[in-house]
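Take a look at the structure below.
Derivation of every value follows stated rules applied to the coordinates shown; laboratory data play no part. Treat the numbers as computed from the prediction; the structure is a model and nothing was measured. Counting neighbours? That spans all protein chains shown, and the Cβs are built from the backbone with ideal geometry, glycine included.
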Ligand SMILES: Cc1ncc(COP(=O)(O)O)c(C=O)c1O
């Protein structure tokens, strides 16, 4: 199928299907374009593939920040063991699902007093990002008369090679520097907190299995060095995740096999003998949902300008910032893109697909080979299930918000 990545093979009379529904029918069902559609079957299959590759005792947590759509979250709640949240609203949505509060973890710097209070009251695991936050959660616990369930987020002394985004190693706003952890653990004795364990999240969007394996080993070794100083048995070790997905033809999909084998070895050699009470949690966002979502827009204009053809759609970076290359990417590369109602047509022209915003940054596809595109056609952008709408400046230029649908 022209332009579609592997996994998106469903089609009906030349149209892409999402969840078995042809896109034109889906567009009518959601009230027009632009819209995001997430395929629940692809999400379930992806979680199944991760489960199949990993040792059974590794728990899987979904990072809600990747895609917080409530219906998707509810679906995910039935597939994974826990939910990782980063704000009070994400936490509320997570607590609305069947996932028990004790399996919800709340990470992120700068938690407000209201967020800490809500998290302690709910009984979620608060992942403490600084020494001041440790003191603040103690006060919150005292005020509520409840021992806060806590874990220390550690800023490790190593970095993860190959991460598209680094969140650990060197100076960071995330986590407590590893060299400070022994002193913080000492301060927890008698602090009235329900200490659970540790969290290390050092990087994301990594396509290199060898780097992920190395980071997981370094993480476990780091945590083992703290275990004796902990105020109680370590019951929770969140080893982060960082599994990446391919966004362009140059990217190779992540190979889960070596990661599963590495984790099995770590469990046998280091974890079970030394941390017998610990639940090991892998925390994934984009890997579980990123490839299960599409962003669909409609062509409203096409124009020639000095030898170049522009296809103008009714969406743009205000809904799908990442596809424009402005979500922290160093090098801009096209996300996979296709004409959703002409998926069987041969590619015959090279065009640039642009959004409807008044900025040259609103470039969704630069010089893409596509079938002949006409006004009214539907353009689909793949890999839109994670950090799509949730990571986009929706208020910019005051266009209406797009619909989101789980099918
Ligand atoms: C603490 C934490 N957990 C999980 C994630 C999710 O990362 P990804 O969606 O790349 O799996 C992030 C991403 O920044 C994070 O900061």
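Structure summary
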item: Cα-projected label distance for residue 306 with residue 89, points at 7 Å along beta-carbon direction, nm; result: 4.2 nm
item: Label-point separation in nm, residue 161 to residue 180, each point 7 Å along Cα→Cβ; result: 3.0 nm
item: Extension gain, residue 229 back to residue 330 (0.36 nm per residue minus Cα-Cα distance, nm); result: 32.3 nm
item: Order of 149, 332, 136 - criterion: other Cβ atoms within 10 Å of each residue's Cβ, fewest first; result: 332, 136, 149
item: FRET efficiency estimate (nearest 0.05) - Cβ-Cβ, residue 45 to residue 372, R0 56 angstrom; result: 0.95
item: 318, 93, 74, 199 arranged by Cβ crowding within 10 Å, fewest neighbours leading; result: 74, 93, 318, 199
item: Among 39, 81, 367: highest mean-square fluctuation, GNM of the chain, C-alpha pairs under 10 Å; result: 367
item: DSSP bridge orientation in the chain - percent antiparallel, rounded to nearest 5; result: 45 percent
item: Gained length - residue 251 relative to residue 272, 0.36 nm times residue gap less alpha-carbon distance; result: 4.0 nm
item: The range 151-282: Rg to Rh, with Rh as the Kirkwood radius over Cα pairs; result: 1.00
item: Over the chain, equivalent-ellipsoid semi-axes from the Cα gyration tensor in Å; result: 42, 21, 19
item: Most mobile of 265, 308, 65 in a GNM of the chain (Cα contacts under 10 Å); result: 308
item: Cβ-based exposure ranking for 9, 358, 213, 102, in which fewest neighbours within 10 Å come first; result: 358, 9, 102, 213
